[in-house]
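The values are calculated or read from the model by the stated rules, or taken from the named source; none is laboratory data. Note that this is a predicted model, so its numbers are computed, not measured. Every residue, glycine among them, receives a Cβ derived from its backbone with ideal geometry; neighbour counts consider all protein chains shown.
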C-alpha cells in the first residue's frame, strides 16, 4: 500500500507538466510556437518529453508500475476473498466483553433454543452465520471487499480499453465547403492519424455532402460575438449503394455510422473569386478556404493561379463584417457575415509549386514573387490588376465546416469499466464490514448469561445501533437490560 | 431566446442578500466560537487517544471504537455562545436559501441551467458548500464548524461578484447539452462538499497539533485557542474522512460524465486537456488520501495533508486553469 501511495503521488506530479506545457496531442501548433520562442530550453524540454507527457516513457512507467503493484495487491486479496466467501466466519472469541460494542443480560432460556432461533433471525437479516454449541458468530458486508476488487479490476480494464482504442482506431480532420462533399478515403483528409493496428484501406465507404451550414452569434451585451448555435446539414450515404439520407450534425450531436463518428469541430468562411485574363478567359473560379484568426472571424488565406505566365497569387483577409476604420489593419468587427469584404494583395512571379517541396495551401511563398497591388473589395466588385488586364471578381462567399472523424472500437469497454468502477467504489466505501456474536454461558446464580457483541473493521457509523437491534432478536424470556 | 432582465436583476439582488446573511452569520458564529468550550478537555483527549494508540500500533487493520464514547460533545451545549450559534445557523440557512433562489432566478432569466460561466459556477459552488453544511447539521451539532464554512462561502461569493461577474446570457453551443447539468452539477456539488472536507481536515491539523503538544507535556500553544473550542481531533478527522469517502465516488462520476460529454462534443472521451488533467490530479490525490487512511503510519496528519493537496488541485483547476490556461474548457465568460 505504501508503494501504491508513492506511485499515486508520482502520477499526480508527472501529470502537472502536461498541463503547463503545450502538448503535441492536443495543440501541435502551440508546441511549434513554443519551440520557436525558446530555442535553448525548447529542445531540452522536448527531449524530456515535456510536449508529449502522456505518451512519454516515464509517464507510462509510472502507471505501469502502479498497475503491477495494484495486481500484486488485488490478486492475492481476490483469492483470499473468494475463500472467505465460501467459508464461514471465524468462531466467536472467548471474551465478548472486551469488544467495542457489548451488552449482556441474564435469562432462564436454554442455550440450544436461543441459538437455534437467533441463528434463523440473524440469517434473515442477511448475516452470514456460523454456530457452535453455545455461540453464534455472524458477519456481514462482504460486498465491501467485492466492490473494492471490482473497482481495481475495472481500472485495469479501463487502461486496456484506452490502449486498444489507440491501437485499433483512427482520427482525422477534414474541411468541407458548403456544396462540396467528402468520401471516407485517406487522401481526402487534411490530417489523419491511425493506430498501429488499423490500416487506412479498411476505412468504411461512407460519404456525405455539406448541403448547408448555419452559424449564429450573440449580438450585443458583454458576450457580444460569442457563438450561439451552429450546425451542418449533411446528405449522408452510409455506403455507396445506400440511398442518401439527411442528417444534421451539431456540436454534441455527432453522426454515428458504420463504426465511425463524425463530429462538427469548427467552421469558417471561403470567399469566392472569379479570375479572368485580359481577353475574358476564365483562369480560376472557386471558393477558397480562409482560416479564422480571431473572435471576429477575420480570416486569412490565399489563392494560387499557376496557369498564367508569370504565375499569380492572391493573399489577404476575408472580413465577415468590415470595420469602419482600418487604423488597426483589416479586422472584422463581428463573426457573422453582415457586411462581408475582402482585403487582398496580388503577387506575380513564381509560386514555387514545381520545387517538389510540399506547400501549405494557406500560405503564399513570396520568395520569388513581387507584389503588384492591394485592394479592398465588396461582393460583386471587380479589380483589374495593374499587370495588363487580369481581373479579379469577388463574387461572394460560402461557409465551410471542419469535421473530426474518429473510430474507437474499445469505447464501449471503457464506458463499461468506468461504470463498474463507480459501482465498485460505492460498495467499497459505503458498506461496512462488521461482525456480531452471541455467547450463552451458565450464570453463577442459575439460568444463563447472554452476551451480544459487535465489531466493525471500518469507520462506519451506526454499529452500536445495529448490534442492539441484533440483541433484540435474541428471544429470551426475561426483560433485557 | 432573450434574457429576462427583471429576473436577472432579482438574481443579483438575491446574491447580495445572501452575502449579507452569510456575513452576519460569520459574526454570530465567531461570537459563538469565542464563548464555547468543549466538554472533553484537551488533556482528556490527549490521554484517551494516546491510550488507544497502543492498540492501533503495528497493524494496518485498525480497530475503531464506534460512536459510543458519547462523553465527547461540542461547544454550545453548555449554554455559552449557544444563542449566537443558533442565530448563525439560522442565518446560514437563510443565506443558503437566498443563494438557491439567486441560482433559480438566474436560470429562469435565460431559460437554461445556471451553470454556463464562472460566475454561475461560483454561485453554485457557494450554494453547494453551504447546503452540504446545512444538511450535515441536521443530524449533529455543527455550530462550532460554522465560522470555517461561512469564510470560504464569502470568499467564493466575493470573488464571484467582483472578478468573475458575467451578465445573464445564452450559452456557447458546446454547453448546450443535458450533460452540462449532469457533469457540472456533480462537479460543483463535489467542490462544495470537498470544501467542507478541507475545512475539517485543516481544523483537524490545528486541533491535533494542540493535543500532541499536551501529550508531549508542552504548553498548549497558540492552536489551543481554537482547539479547545471544537471537538477532539479524532472526531474531526473521522468526520473529514466520511465526507471525503462519500464524495469520492461522486467525483469519479463527475469525471466520467465529463468524459461521456467530451466523447459527444469533441470526438474523444479523454484528451488530457488541462482541465481534464487537473481533474485527474485531484482524483489521484483523493484516491491517495483514501489509501493513506488505510495504511499504517499514514493515517491522521499525513492523510489530512493529502486531502488538502487534493483540495488545492481543485482550487488550482478552478481559478488558474479556467482563467489562464488555454484549453477546451474555456467557458469562464471572462
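As for segment A:327-335, it holds no residue that is surrounded by 19 or more Cβ atoms within 10 Å (Cβ to Cβ) and either at pLDDT below 85 or over 38 Å from the mean Cα position of the chain (by Cα) (or both). Beta carbons closer than 7 Å, at least 6 apart along the sequence or on distinct chains, pair a first residue in segment B:192-221 that is closer than 10 Å to residue B:46 by Cα with a second that is buried (at least 24 other Cβ atoms within 10 Å of the Cβ) and at pLDDT below 85 for B:211/B:45. Might you check whether a residue that is facing chain B (nearest Cβ under 10 Å) and out of contact with any helix residue (DSSP H, G or I) (no Cβ under 8 Å at 6 or more places or on another chain) occurs anywhere in segment A:278-299? For segment A:278-299, residues facing chain B (nearest Cβ under 10 Å) and out of contact with any helix residue (DSSP H, G or I) (no Cβ under 8 Å at 6 or more places or on another chain): absent. Of the residues screened, residue A:247 is not one that is away from every other protein chain (no Cβ under 14 Å) and under 30 Å from residue A:385 (Cα atoms). When restricted to residues that are surrounded by fewer than 19 Cβ atoms within 10 Å (Cβ to Cβ) and out of contact with any helix residue (DSSP H, G or I) (no Cβ under 7 Å at 6 or more places or on another chain), segment A:433-443 contains 3. Which residue pairs have Cβ atoms under 9 Å apart, sit 6 or more places apart or on different chains, and have a first residue in segment A:350-377 that is assigned by TED's automatic domain parsing to the domain that holds residue A:305 and within 19 Å of residue A:275 (Cα to Cα) and a second that is surrounded by fewer than 11 Cβ atoms within 10 Å (Cβ to Cβ) and at pLDDT 80 or above? The qualifying pairs are A:350/A:367.
Quick check on residue A:406: is it at pLDDT 85 or above and either exposed (fewer than 15 other Cβ atoms within 10 Å of the Cβ) or away from chain B (no Cβ under 14 Å) (or both)? It is false that residue A:406 is at pLDDT 85 or above and either exposed (fewer than 15 other Cβ atoms within 10 Å of the Cβ) or away from chain B (no Cβ under 14 Å) (or both). All of A:306, A:335, A:320 fail the test of being in contact with a helix residue (DSSP H, G or I) (Cβ under 7 Å, 6 or more places away or on another chain) and touching a residue at least 40 places away in the same chain (Cβ under 8 Å), apart from A:306. Return a yes/no flag: does segment A:66-74 have any residue that is free of Cβ contacts under 8 Å to residues at least 60 places away in the same chain, more than 25 Å from residue A:152 (Cβ to Cβ) and under 48 Å from the mean Cα position of the chain (by Cα). Checking segment A:66-74: not a single residue is free of Cβ contacts under 8 Å to residues at least 60 places away in the same chain, more than 25 Å from residue A:152 (Cβ to Cβ) and under 48 Å from the mean Cα position of the chain (by Cα).
Scanning segment A:1-52 for residues that are more than 27 Å from the chain's Cα centre (by Cα) and within 11 Å of chain B (Cβ to nearest Cβ) yields A:1, A:2, A:3. Tally the residues that are more than 7 Å from chain A (Cβ to nearest Cβ) and either in a loop (DSSP other than H, G, I, E, B) or surrounded by 24 or more Cβ atoms within 10 Å (Cβ to Cβ) (or both), restricting the search to segment B:271-288. So the answer is 3.
Tallying residues that are under 20 Å from residue A:178 (Cα atoms), more than 11 Å from every other protein chain (Cβ to nearest Cβ) and buried (at least 20 other Cβ atoms within 10 Å of the Cβ) within segment A:256-275 yields 5. Residues in segment A:429-454 that are over 21 Å from residue A:114 (Cβ atoms) and at the interface with chain B (Cβ under 9 Å from one of its Cβ atoms): A:429, A:430. Scanning segment A:177-201 for residues that are in a loop (DSSP other than H, G, I, E, B) and closer than 15 Å to residue A:409 by Cα yields A:195, A:196, A:197, A:198, A:199. Evaluated against (1) surrounded by fewer than 21 Cβ atoms within 10 Å (Cβ to Cβ); (2) in contact with a strand residue (DSSP E or B) (Cβ under 9 Å, 6 or more places away or on another chain); (3) within 13 Å of chain B (Cβ to nearest Cβ), residue A:393 falls short on exactly one condition, (3).
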